[in-house]
Amino acid sequence: MTTKIEQDPRICAHEFELRSNKNADDVNVTEEDTNKDASHQHSSGDSDGHSSNDELLLAAGIDPDDDDDPSLPCLTLRMWTISIVLTVLVTGLNTLFTLRKPSVTISSAVVQLVAFPIGRAWEKLLPDWTFSVCGRKLRLNPGAFNKKEHILIYIMSNLSYSTRLSADTLTEQEMFFGLKAGVGFQILITLGTILTGFTFAGLARALIVEPKNLVWPGVLANTALNRTLHHKGKSEGGSTWQISRYAFFMVVFAASFVWYWFPNFIFPAVGYFTFLCWIWPRNAVVNQLFGMSSGLGMVPLTLDWSQIAYIGSPLIVPTWAILNVGASLLFWIYIITPAMYYSNTWFSAYLPIQSTAVFDDAGKTYNVTKLLTHDDKFDHARYSAYSQVYLPITYALSNFGLQFAAVTALIVWFVLEKHTALRKAPSAFKSWIRAPCKATKEGTHKDVPVWWYALTAVASLFCLILSCEYWPVQLPWYGVLLALAVSSVLFIPLAMVYATANAKVSIDALCRLIAGYVFEGKILANIWFFDIGYVTGIKGLAFAQDLKLGIYCNIPPRDLFLVQIVGIGTSVLTQVGVLRWALNHVSKVCQTDAPDGFSCPYSRTHFNTSLIWGALGPNIFFSNDSIYRPLLWFFLLGALLPVPVYFLKRQYPDSLWRYCHIPLFLGGLNYLPPATGTNYGSWVIVGLIFGLLIKKQAFEWWQKYNFVLSAALDSSVAIAGAIIFFTIFYTGAAKGFSWWGTTVYQDTCDWKSCPYLSLSKGQRFG
């Protein structure tokens, strides 16, 4: 039995009650405000009659009628032990295997699932002893393993993915650039970038986390899985569909786990289901249009969930967002790309239609080391004697043109459609400063004071400036501030998109471009400007998403803050420790012939990009006589497109224009390449089948099982993939296993990246 605590409304002025039927506090950006701003982003963003947030949250296991139980312990010894151990293990493995090709990632879905039986075993097997630590009594076994402990374990271990990008950058600097700055630099720069993202999320939470209309779809599968595991014995009566969510999860998990052995090992052709390429394996055009390795994937068929969910599960994304990305795929990749490619725009027909590599004028992978002197300085004479850089057409469009357009579109869209949020930002921040607590139905939780985040801001700035000034990384203190300015200005608009569409608009190219102009010829400056300007924002989005998950699961804000801080320290120290060990003890690490595949593929790719932007630089790449200079016009395109769409929404508020989202239309393909049209196309098809067709025709089924299905597929594929990797591929057991189903898709022009136009020996283009 719980005691309701009466709360003075003057004290809790910044009240946020998730399950109340009343409107949110007026400092938040409400759905009414969003409609006034002519935004299409309705509660769920769908076009059918079941669009309310309550229905969406109920489907994800967030029951509006299920009161919070504040008596459930959160910061238990069990939670701390399991979360720290799993964080160390997962961070260590993910850091180690980011150096390897093929790589493997222990995903957050695995951690959430594995933590449950561990917590239950602790509950059943350990005695209920009580002891004191620093005057505080702790129970070895505090009773039933509860959902709050479980979600905090997930949140802490989720930090292991925030460190991976930093590991790539540190490896790039040490193994490819040759600067061994040492463990002090590695800890400071990694801690600084992660703390910056953490601070962004905390300071902006009143605008991007607490408003009810910002659902953050990325956490809905997690809440569904959490409820499924912790409510498996409770009645779910009143439904036509009688199988419980827990039973449904276990059936789907088992079936998906078994099936994944086929596309991942036994019969990979069902994953690379490019049957037209099998029929015409030497026809370049067929393979370019319908392939899924170097092709456009115009028939996006695959029976591999990891291919379908390559950019994230389509089952949790609102239908309007899927339609915008689908329209972008159709227009830019299926129409514009072939038109430009087969007309040999920018000499692209001499290259694969899609690739992550860049090329020289002989159609070979560009050897960037030919541009550098012995002290890694750019030599213009060597560049003139060698070759201009040439880009595959999808690389040029997606990684340059569309990214440029998406950045300016994001800014204009935010100013036009989210000006209410801008107006209310000062009052929201002031209200947070005044409010020491948050009210819920069952009581109160002390809020996180703003000065806590102010301290993390100071700490992060100190770490970043000290690491960049003390060590010779070519990025001065004002470069750090400029990178932080870019990241902070764009963080809230990026979060608004991610919180509604579960899509990240990339600012990678913008950061590289700015660093290339400001710090021309300085490769390391480009590397770390990218890390501070881009990676901090990505990490901030992850922290903000976890803050929303904490709200959904009724986690006390201060408990969540403490768990995240401990998780940051644990993951940073683990990542740096494992990275130091690997770079010093793995044989031939980061060399192309490294044993066991530890060739550092991600860092190698990043280094090539840094050389182009840092050594070559945008002044040369986009010079007046450069063939790629027209890509700069995409900045103007992105700035202009949101304007007519905004006025069309206002003029015709009930038309289809209300679902048009220009930042998504321009920035929704940011994973391509390496993602292909098949990844995006199958994602769109599956998302529309479940989010539109099944939701309309069998809403009760969709509401009960959709997010559970997503969690089951994600977790089963992740666990099966890890088991297959360690037991079959890593041990070498797969050697010699070969038949038609393992090779048919490889003996094609698609797999071999055939160009449309070929060159004779010694011939060059351009």
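The values are calculated or read from the model by the stated rules, or taken from the named source; none is laboratory data. A quick note: this is a predicted structure, and the numbers were derived from the prediction, not measured. Cβ sites come from the backbone with ideal geometry, for glycine too, and all protein chains shown count toward neighbours.
A few notes on this one:
Table: residues versus (1) closer than 24 Å to residue 595 by Cα; (2) polar (S, T, N, Q); (3) within 29 Å of the chain's Cα centre (by Cα).
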site	(1), (2), (3)
704	no, no, yes
708	no, no, yes
715	no, yes, yes
720	no, no, yes
724	yes, no, yes
744	no, no, no
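- Filter result for residue 271 (surrounded by 20 or more Cβ atoms within 10 Å (Cβ to Cβ), without any contact (Cβ under 8 Å) to a residue 40 or more places away in the chain and within 23 Å of the chain's Cα centre (by Cα)): yes
Here's the yes/no breakdown for (1) assigned to a helix (DSSP H, G or I); (2) within 30 Å of the chain's Cα centre (by Cα); (3) closer than 30 Å to residue 757 by Cα:
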site	(1), (2), (3)
311	no, yes, no
320	yes, yes, no
330	yes, yes, yes
334	yes, yes, yes
337	yes, yes, yes
346	yes, no, yes
361	no, no, yes
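- Top-ranked residue in region 159-182 [being of a type in the set (S, T, N, Q) and either at pLDDT 85 or above or over 17 Å from the mean Cα position of the chain (by Cα) (or both); ranked as nearest to residue 588 (Cα to Cα)]: 171
- Residue within region 582-599 that is in a loop (DSSP other than H, G, I, E, B) and in contact with an Asp or Glu (Cβ under 7 Å, 6 or more places away or on another chain) present: no
- Test: residue in region 662-678 that is closer than 24 Å to residue 262 by Cβ, of a type outside the set (Lys, Arg) and surrounded by fewer than 24 Cβ atoms within 10 Å (Cβ to Cβ): yes
- Some residue of region 247-262 being modelled with pLDDT under 90 and touching a Gly at 6+ places or on another chain (Cβ under 9 Å): no
- Residues that are buried (at least 23 other Cβ atoms within 10 Å of the Cβ) and polar (S, T, N, Q) do occur in region 335-347.
- In region 611-645, the qualifying residues are those that are of a type in the set (Gly, Ala, Ser) and closer than 21 Å to residue 395 by Cβ, and the one that is surrounded by the fewest Cβ atoms within 10 Å (Cβ to Cβ) is 623.
- When residue 99 is tested against (1) touching a Ser or Thr at 6+ places or on another chain (Cβ under 7 Å); (2) within 19 Å of residue 567 (Cα to Cα), just one condition goes unmet, and that condition is (2).
- Candidate set: region 106-118, residues that are of a type outside the set (A, V, I, L, M) and in contact (Cβ under 8 Å) with a residue 40 or more places away in the chain; chosen: the one nearest to residue 592 (Cα to Cα): 107
- Search result, residues across region 619-638 that are assigned to a helix (DSSP H, G or I) and within 14 Å of residue 401 (Cβ to Cβ): 621, 629, 630, 631, 632, 633, 634, 635, 636, 637, 638
- When 725, 647 are checked against the criterion of being free of Cβ contacts under 8 Å to residues at least 24 places away in the same chain and farther than 28 Å from residue 60 by Cβ, 647 stands alone in meeting it.
- Counting only helices (runs of 4 or more DSSP H) that sit wholly inside region 684-766, those with at least 2 residues that are of a type in the set (Ser, Thr, Tyr) and within 27 Å of residue 314 (Cβ to Cβ) are 699-724.
- Qualifying residue in region 592-610 (condition: surrounded by 16 or more Cβ atoms within 10 Å (Cβ to Cβ), of a type in the set (A, V, I, L, M) and under 28 Å from the mean Cα position of the chain (by Cα)): no
- Residue match in region 32-41 (condition: part of a helix (DSSP H, G or I), surrounded by fewer than 21 Cβ atoms within 10 Å (Cβ to Cβ), modelled with pLDDT of 75 or more and not polar (S, T, N, Q)): no
- Candidate set from region 363-377 (those that are assigned to a helix (DSSP H, G or I) and of a type outside the set (Val, Ile, Thr)); member that is modelled with the highest pLDDT: 370
- Residue list for region 450-476, restricted to those being closer than 18 Å to residue 544 by Cβ and at pLDDT below 90: 450
- One residue stands out in region 413-430 among those that are buried (at least 20 other Cβ atoms within 10 Å of the Cβ) and part of a helix (DSSP H, G or I): the one that is modelled with the lowest pLDDT, namely 428.
- Near pairs, Cβ below 6 angstrom, 6+ apart or cross-chain, from region 513-539 (closer than 10 Å to residue 475 by Cα) to any residue that is of a type in the set (Phe, Trp, Tyr): 515/529; 525/519; 526/613
- Of all the criteria given as (1) within 20 Å of residue 217 (Cα to Cα); (2) assigned to a helix (DSSP H, G or I); (3) in contact (Cβ under 8 Å) with a residue 60 or more places away in the chain; (4) not hydroxyl-bearing (Ser, Thr, Tyr), the one not satisfied by residue 670 is (2).
- Any hit, region 527-543, residues being in a helix (DSSP H, G or I) and in contact with a His (Cβ under 7 Å, 6 or more places away or on another chain): no
- Selection status of residue 730, within 29 Å of residue 359 (Cβ to Cβ) and out of contact with any Lys or Arg (no Cβ under 7 Å at 6 or more places or on another chain): no
- Restricting the first member to region 55-70 and to residues that are surrounded by 14 or more Cβ atoms within 10 Å (Cβ to Cβ), and the second to residues that are hydrophobic (A, V, I, L, M, F, W, C) and modelled with pLDDT of 75 or more, the beta-carbon pairs closer than 6 Å and six or more apart or on different chains are 59/707; 60/220; 60/224; 60/707; 61/224.
- Count of region 548-589 residues which are surrounded by fewer than 21 Cβ atoms within 10 Å (Cβ to Cβ), modelled with pLDDT of 90 or more and among the charged types (D, E, K, R): 3
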